[in-house]
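Comments concern the structure below.
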Amino acid sequence: MGSENTSKLPTHIAIIMDGNGRWAQARGQERREGHRAGVEALRRIVKDCSDLGVHYLTVFSFSTENWGRPRDEVSFLMSLLERYIESDLADLHSEGVRVRVIGRRNGLSDKICRLIDRAESLTANNNRLFFQIAFNYGGREELADAAARLARRAANGTLDPELINGDVFSAELLTAGMPNPDLIIRTSGESRLSNFMLWQGAYSELYFTDVFWPDFVREHMEAAIVHYAERERRFGLVSVSAETD
Ligand code: IPE
Ligand code: IPE
Ligand code: MG
């Protein structure tokens with residue numbers, strides 16, 4: 001809180017990776033081909049962020065609402081995360097990437113949970129890029145879970161409810177210890193948050209592009225960063241130029 005970044009390169013970029021299905025449909029392919037291509041795009045973007053000097057990258061890859069998709073698609077998305085961690089973890093680690101997966105663990109297979117634990121513990125001391133994957137993630141669920149934990153502590157006498165403020169609440173979220181996203185990018189022409197980082201995104205700059213996620217490359221990321229650099233983030237205050245008038 002109050003620590004939002006004001007420099008020109010966003011410290012923390014978050015991406016709602018959307019449009020895999022439409023990308024595939026536009027090619028007369030199955031939706032799963034879009035998800036496969038989406039993983040390729042993700043691989044490239046992780047590298048690009050690391051090269052560009054971005055410190056934190058969060059990607060939204062499976063929402064709590066996505067369970068409602070056809071069973072085949074859901075299980076394909078589960079297997080994609082599994083295969084991604086299995087095939088890329090060693091490279092991510094050697095490139096100094098710290099991996100964290102945020103979202104609810106219930107509903108995920110034991111195998112995926114073990115892989116996530118392995119990825120997080122293996123890379124825990126890396127500090128080139130903090131890469132956070134939001135998987136089985138929902139902003140409302142995250143807030144409700146945090147509220148429930150605080151309420152339990154208040155009820156058992158270990159927390160004075162009077163002390164609950166924004167900082168205490170932030171520390172209870174899955175993103176604890178991480179700065180809020182400076183820039184949230186959503187691909188595929190949709191301009192909504194779809195339950196992503198509802199608390200953390202309160203003062204994020206939002207950038208929407210029509211490009212489908214599998215087509216999103218470094219140039220698009222650079223365009224988003226340029227857009228970000230041109231914005232003046234006021235955080236509810238008056239413009240710096242108005243202040244000196
Ligand atoms: C984003 O692409 C990936 C997930 C939500 C898992 P979509 O699968 O939502 O693709 P569209 O929006 O249907 O094109
Ligand atoms: C948001 O995309 C979730 C992810 C990108 C993982 P959706 O495709 O699920 O969102 P809606 O349904 O268009 O709002
Ligand atoms: Mg979508």
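The values are calculated or read from the model by the stated rules, or taken from the named source; none is laboratory data. Just so you know, these numbers come straight off a predicted model, no measurement behind them. Every residue, glycine as well, gets a Cβ built from its backbone with ideal geometry; the counts of neighbours run over all protein chains shown.
Going by what's in this entry, would residue 45 be described as under 24 Å from residue 138 (Cα atoms), in contact with a Lys or Arg (Cβ under 9 Å, 6 or more places away or on another chain), assigned to a helix (DSSP H, G or I) and modelled with pLDDT of 95 or more?
Values: under 24 Å from residue 138 (Cα atoms): yes; in contact with a Lys or Arg (Cβ under 9 Å, 6 or more places away or on another chain): yes; assigned to a helix (DSSP H, G or I): yes; modelled with pLDDT of 95 or more: yes.
Yes, satisfied.
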State which residue is nearest to residue 55 (Cα to Cα) when the search covers only the range 4-41 and only residues that are at pLDDT below 95 and crowded, with 16+ Cβ neighbours inside 10 Å.
5
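For (1) over 21 Å from residue 212 (Cα atoms); (2) in contact (Cβ under 8 Å) with a residue 60 or more places away in the chain, each residue gets a yes or a no:
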{"site": "151", "(1), (2)": "yes, no"}
{"site": "171", "(1), (2)": "yes, no"}
{"site": "187", "(1), (2)": "no, yes"}
{"site": "192", "(1), (2)": "no, no"}
Could you look through the range 46-73, keep only residues that are among the hydrophobic types (A, V, I, L, M, F, W, C) and surrounded by 15 or more Cβ atoms within 10 Å (Cβ to Cβ), and pick out the one that is farthest from the chain's Cα centre (by Cα)?
52
Can you name the residue in the range 53-70 that is not in a strand (DSSP E or B) and not small (Gly, Ala, Ser) and, of all such residues, is nearest to ligand 1 (Cβ to nearest atom)?
66
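If I filter the range 167-196 down to residues being of a type in the set (Asp, Glu) and over 15 Å from the mean Cα position of the chain (by Cα), which single residue comes out as farthest from ligand 1 (Cβ to nearest atom)?
In the first step, residues of the range 167-196 are kept if they are of a type in the set (Asp, Glu); the result is 167, 172, 182, 190.
If we keep only those that are over 15 Å from the mean Cα position of the chain (by Cα) as well, we get 167, 172, 190.
Working: 167: 32, 172: 26, 190: 7 Å.
Only one residue tops the list, namely 167.
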Evaluate the range 197-215: report whether one residue or more is within 12 Å of the chain's Cα centre (by Cα) and aromatic (Phe, Trp, Tyr).
no
Checked against (1) part of a helix (DSSP H, G or I); (2) away from ligand 3 (no atom under 16 Å from the Cβ); (3) without any contact (Cβ under 8 Å) to a residue 60 or more places away in the chain; (4) of a type in the set (Gly, Ala, Ser), residue 50 satisfies every condition except (3)
